[in-house]
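Colleague: Please see the structure below; I have some questions.
Rule-based calculations on the coordinates, nothing more; no lab input. Since the model is a prediction, treat every value here as computed from it, not as a measurement.
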Amino acid sequence: MSAFLNISYTFIGQITIPSFIAEMKEPKDFPKALWCVTIAEIFVFGIVGAVVYAFTGNQYNTSPAFGSLGNDIFKKVAFSFMIPTLIFLGVLYASVSSRFIFFRIFEGTRHKSSHTVVGWAAWAGILAATWLGAFIIAEVIPFFSDLLSLMSSLFDSFFGFIFWGVAYIRMRKADGGINWLKDATPYGYAMLALNVFIIIIGFYFLGAGTYTSVQSIIDSYAAGTIAEIPHAFQPLLLPSSLPHTEQ
């Protein structure tokens, strides 16, 4: 379960698709770009994963996988290729999240589409708060793999499965009217069954995935395999949430 959740966290980025389509000059060209990106990432992720597991195995594998490299020079070179990707992903998700909040706050006002001091100040503040929150979470939480699994089960289960299944049903209902289900073709029934199945998968990973992730965190703390929270961030947490150690 944890392995699937980690993989799905990497592949499920569909929630950013509406933002991309809305900003394209020719939105109809988006499917071609999506096919190219998906095929490329499957090949790249598959090759990197296969090479890492082939040469390091499961016992010495770390997360992220580049940390498994024994040669320090190779490790630094590998991590240098990660820096542009991390910056791009950080900017991308921060922008999408901030836009959602910004549009909700200023919907129906001139600050949404005009260059105003209030609008720009709010946009900068939302971005800064998003980056600050992400930095604190990344530094405070001392486990990486379980964190990805937990975020994937809580958020990707909805944005990657439930949301799109429900969206398909609502779109078909809007296009076909009140008798859309009665007038559906065999292909329409097949697509409906597929999307209902996708929704069920989403709820399964939301429930079972969240339970598995939380239990894995509890087991890791009990086994003492999780590093201590950095001292600089310990005052931000409640004393009861910190690992208890006897003096």
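Colleague: Note the full-extension length gain between Val117 and Tyr93 as 0.36 nm times their separation in residues minus their Cα-Cα distance, in nm to one decimal.
Modeller: 6.2 nm
Colleague: Under 25 Å from the Cα of Lys173, which lysines turn up, not counting those fewer than eight places away in the same chain?
Modeller: Lys28, Lys182
Colleague: Next up: Can you list, bin by bin at 5 Å, the percent of alpha carbon pairs in region 81-143, starting at 0?
Modeller: It works out to 3, 17, 21, 21, 16, 10, 7, 4, 1, in whole percents.
Colleague: Setting aside same-chain residues fewer than 8 positions from Lys112, which lysines have a Cα under 23 Å from its Cα?
Modeller: Hits, sequence-local ones excluded: Lys25.
Colleague: Hey, another quick one. Over region 113-204, how many percent of alpha carbon pairs lie in each 10 Å bin up to the one with the longest distance?
Modeller: 14, 25, 21, 23, 16, 2
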